[in-house]
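Structure, as structure tokens:
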Amino acid sequence: MRRKERLLLVLAVLAVTGALFVPAIPQDPAYHRFADGTARFGIPNFWNVVSNLPFLAVGLAGVLEVYRGRPAILGEFRAAYLVFFAAVALVAPGSAYYHLNPDNATLVWDRLPMTVAFMALFSIVLAEYVSVALGRRLLWPLLAIGIASVFYWDFTEARGRGDLRLYGLVQFLPMLLIPPILLLFRSRFGGTAYLWAVLGAYAAAKAAELLDEPIFRMFHPLSGHALKHLLAALGVYVFLAAIRRRSAVSPSPM
């Protein structure tokens, strides 16, 4: 194992170990109270529901592009790209279902496709930058861990001792590891700016989520949470646009 791979492994181990020393984190009931609860056309929380439509559009567009074999991807790792875009498309009904009646039970269906998308994207980055073999080996275990993290949280919540730590790792550890991967490794595809833009869109989406009410007061009827959906979908669109335009510049790292 080279020094760069060891660094990534150390970072991952430190993050997982640190999470073990953090007390169990239950779901805050206030999470389900959004700034905008406006009902329109008989649809409760209208804007938080319909702002998920871009996920459906960009996810289906990505599935179609990969299925037709048009974009520049790792052909031998095609399944991961299909899983990623399919999961993004499924975020739309999952998140819309949650926002129609926000509670822990519906939140499960919001989080499941998101964890699949996070893990699929991380395996793609590993394959394109570090090692195709590594990305292949980790894809299905990562997907299983992502799904398990949601069901584990739901299981613990139902027993009055909710624990979001594993779900938190699934969501945030890839975002911690992708920047050093972009800095330390070279992809077979030219340029990394689009992935930095994806990370930037994700960070902006999380900020909008935290600023739900202030954004709603300033930009009514747009709330921070609805803006979060739009920014996250924009990040996926940037990724799709990039794989449409990029080209291979070197052999795949193995």
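Quick check on Leu100: is it crowded, with 21+ Cβ neighbours inside 10 Å and of a type outside the set (Ser, Thr, Tyr)?
Numbers: crowded, with 21+ Cβ neighbours inside 10 Å: no; of a type outside the set (Ser, Thr, Tyr): yes.
Judged against the criteria, Leu100 is not a match.
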**Q.** In segment 208-230, the residues that are closer than 18 Å to Pro54 by Cβ, open to solvent by 40 Å² or more (accessible area, probe 1.4 Å) and modelled with pLDDT of 95 or more
**A.** Leu227, Leu230
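From the list Ala79, Ala96, which one is of a type outside the set (S, T, N, Q), within 23 Å of Leu143 (Cβ to Cβ), modelled with pLDDT of 95 or more and not in a loop (DSSP other than H, G, I, E, B)?
Numbers: Ala79 fails: modelled with pLDDT of 95 or more.
Just a single option satisfies the conditions, and that option is Ala96.
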Q: Scan segment 124-139 for residues that are under 19 Å from Val66 (Cβ atoms) and hydrophobic (A, V, I, L, M, F, W, C) and jot them down.
A: Ile124, Val125, Leu126, Ala127, Val132, Leu139
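Can you confirm whether Phe55 is more than 30 Å from Arg2 (Cβ to Cβ) and touching a strand residue (DSSP E or B) at 6+ places or on another chain (Cβ under 7 Å)?
Working: more than 30 Å from Arg2 (Cβ to Cβ): yes; touching a strand residue (DSSP E or B) at 6+ places or on another chain (Cβ under 7 Å): no.
Against the criterion (more than 30 Å from Arg2 (Cβ to Cβ) and touching a strand residue (DSSP E or B) at 6+ places or on another chain (Cβ under 7 Å)), Phe55 does not qualify.
Filter segment 186-206 for residues that are free of Cβ contacts under 8 Å to residues at least 40 places away in the same chain and either out of contact with any His (no Cβ under 9 Å at 6 or more places or on another chain) or closer than 14 Å to Ala241 by Cα (or both) and give the result.
First, the residues of segment 186-206 that are free of Cβ contacts under 8 Å to residues at least 40 places away in the same chain: 192-193, 196, 199-206.
Result: Thr192, Ala193, Trp196, Leu199, Gly200, Ala201, Tyr202, Ala203, Ala204, Lys206.
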Q | Residue pairs meeting the criteria (Cβ under 8 Å; at least 6 apart or on separate chains; first β-branched (Val, Ile, Thr), in segment 211-225; second surrounded by fewer than 20 Cβ atoms within 10 Å (Cβ to Cβ) and in a loop (DSSP other than H, G, I, E, B)) | A | Ile215/Ala35; Ile215/Leu222
**Q.** Those residues of segment 111-140 which are among the charged types (D, E, K, R) and either at positive phi or open to solvent by 10 Å² or more (accessible area, probe 1.4 Å) (or both), in sequence order
**A.** Arg111, Arg136, Arg137
Q: Output yes when any residue across segment 26-44 is without any contact (Cβ under 8 Å) to a residue 60 or more places away in the chain, hydrophobic (A, V, I, L, M, F, W, C), in contact with a strand residue (DSSP E or B) (Cβ under 9 Å, 6 or more places away or on another chain) and surrounded by 11 or more Cβ atoms within 10 Å (Cβ to Cβ), and no when none is.
A: no
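Looking only at segment 166-207, count how many residues are in contact with an Asp or Glu (Cβ under 6 Å, 6 or more places away or on another chain) and modelled with pLDDT of 95 or more. Spell out the reasoning first.
Here is the first cut: in segment 166-207, the ones in contact with an Asp or Glu (Cβ under 6 Å, 6 or more places away or on another chain) are 187.
After this cut, where a residue has to be modelled with pLDDT of 95 or more as well, the list is none.
Total satisfying the criteria: 0.
The values are calculated or read from the model by the stated rules, or taken from the named source; none is laboratory data. None of these values were measured; they are calculated from a predicted model. Backbone-built Cβ (ideal geometry, glycine too); neighbour counts: all protein chains shown. Protein only, heavy atoms only, side chains kept; ligands, DNA and RNA dropped before computing areas. Shrake-Rupley method; radii C 1.70, N 1.55, O 1.52, S 1.80 Å.
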